[in-house]
């Protein structure tokens with residue numbers, strides 16, 4: 001059914017189906033004080049989700065359970081628990097192949113157990129939305145926030161948006177479906193938050209009425225055939241090139257991987273329209289910049305305030321989307337910076353590597369400060385790192 005034929009109609013729960021742009025930008029909103037997990041519930045309440053599959057793992061278990069409550073209330077078409085995280089992502093694929101709008105969540109070791117499915121989702125052009133609440137993944141066991149897993153999913157072929165706040169989480173979950181389902185994109189999307197820092201703390205969030213909902217997913221806008229009784233998936237494998245060692249097999253795989261990455265790039269125009277750009281800048285003309293994503297940005301903002309009290313002017317560049325990565329935007333935002341600090345909640349510094357790969361004179365990039373394993377990053381840690389580096393520099397940095 002075309003979207004324009006259902007706008008203004010009412011779904012089974014009595015919600016009015018409205019244009020996405022109206023829900024995002026025009027509909028009146030009311031302020032609530034709630035956790036990030038509760039925000040997930042409220043986003044999915046308005047998202048016209050057909051099916052959600054869940055498996056418990058901290059810290060996303062609470063959000064997944066709340067989505068189950070939405071199923072009981074009639075806001076989600078179907079809901080069940082998988083046997084494992086791998087099973088969950090496989091079952092999500094099956095539902096999406098069948099033309100359903102799908103939602104799921106994961107965290108840490110669950111993300112890695114499910115990992116094989118993510119490139120399959122992308123290669124199959126399945127617009128599944130997954131909320132990743134990052135946490136520690138390595139031994140000794142740790143359930144605290146660490147963004148190592150986020151670095152590991154960067155090149156699976158998914159769109160990846162990293163929310164800093166509960167408000168962004170709400171907006172990204174709703175807007176993510178609209179971008180992911182565009183025919184020239186049609187890819188899975190990971191909406192990522194830093195576990196506990198966002199999922200289990202409370203914040204003020206502006207939310208539109210629960211009487212409004214997004215238009216349902218239209219699987220016939222997919223650029224690849226939807227699986228139905230006329231198009232079973234076996235037809236794709238009648239003469240399975242994947243089993244052959246020849247040039248056609250290699251070229252097929254190579255060209256399709258290029259197409260997935262091209263689709264990520266095509267998502268830029270839709271993403272910019274809905275979330276107002278791939279980055280945000282504040283005082284980006286300063287000689288010293290902080291560049292990062294997620295809650296590291298929030299800590300960076302406070303560090304900037306503390307440094308300003310000492311007469312040190314620092315700007316910030318917030319990276320909102322990791323795929324597509326804002327290559328040109330970051331180049332422009334950092335072109336005049338003498339020092340670029342990249343605070344991260346992980347030990348490997350994957351964000352710094354991404355930034356170094358796209359800017360000239362990348363010796364300007366200071367990889368850190370880093371905290372890992374669930375440690376917090378007080379803004380004073382960022383302040384100390386900046387002052388330590390400045391003390392060792394002979395050139396004068398403008399105040």
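Every condition in (1) at pLDDT 95 or above; (2) within 25 Å of residue 278 (Cα to Cα) is met by residue 389 except one, and the failing one is (2). The single condition from (1) in contact with a helix residue (DSSP H, G or I) (Cβ under 8 Å, 6 or more places away or on another chain); (2) closer than 13 Å to residue 134 by Cα that residue 196 fails is (1). Can you find even one residue in the range 378-392 that is in contact with a helix residue (DSSP H, G or I) (Cβ under 9 Å, 6 or more places away or on another chain) and either over 21 Å from residue 309 (Cα atoms) or in a loop (DSSP other than H, G, I, E, B) (or both)? Scanning the range 378-392, I find at least one residue that is in contact with a helix residue (DSSP H, G or I) (Cβ under 9 Å, 6 or more places away or on another chain) and either over 21 Å from residue 309 (Cα atoms) or in a loop (DSSP other than H, G, I, E, B) (or both), so the answer is yes. Applying the selection to the range 53-75, what residues are without any contact (Cβ under 8 Å) to a residue 40 or more places away in the chain and crowded, with 23+ Cβ neighbours inside 10 Å? Once the filter is applied, which keeps residues that are without any contact (Cβ under 8 Å) to a residue 40 or more places away in the chain and crowded, with 23+ Cβ neighbours inside 10 Å, the range 53-75 yields only 67.
Considering only residues in the range 331-350 that are without any contact (Cβ under 8 Å) to a residue 40 or more places away in the chain and outside any helix (DSSP H, G or I), the one that is surrounded by the most Cβ atoms within 10 Å (Cβ to Cβ) turns out to be 349.
Take the conditions modelled with pLDDT of 95 or more, at positive phi, loosely packed, with under 14 Cβ neighbours inside 10 Å and in contact with a strand residue (DSSP E or B) (Cβ under 9 Å, 6 or more places away or on another chain) and apply them to residue 8. Does it pass? In short, yes. Of everything in the range 352-369, what is free of Cβ contacts under 8 Å to residues at least 24 places away in the same chain and in contact with a helix residue (DSSP H, G or I) (Cβ under 6 Å, 6 or more places away or on another chain)? Give them in sequence order. Of everything in the range 352-369, those that are free of Cβ contacts under 8 Å to residues at least 24 places away in the same chain and in contact with a helix residue (DSSP H, G or I) (Cβ under 6 Å, 6 or more places away or on another chain) turn out to be 356, 362.
Counted as qualifying within the range 65-158 are the helices (runs of 4 or more DSSP H) with 1 or more residues that are closer than 17 Å to residue 177 by Cβ and modelled with pLDDT of 95 or more, namely 85-97, 117-123. Against the list (1) within 18 Å of the chain's Cα centre (by Cα); (2) part of a helix (DSSP H, G or I), the condition residue 328 fails is (1).
When restricted to residues that are within 15 Å of residue 159 (Cα to Cα) and not in a helix (DSSP H, G or I), the range 247-278 contains 2.
The values are calculated or read from the model by the stated rules, or taken from the named source; none is laboratory data. Since we're looking at a predicted model, the values are computed, not measured. Methodologically, a virtual Cβ is constructed for each residue, glycine included, from the backbone with ideal geometry; neighbour enumeration extends over all protein chains shown.
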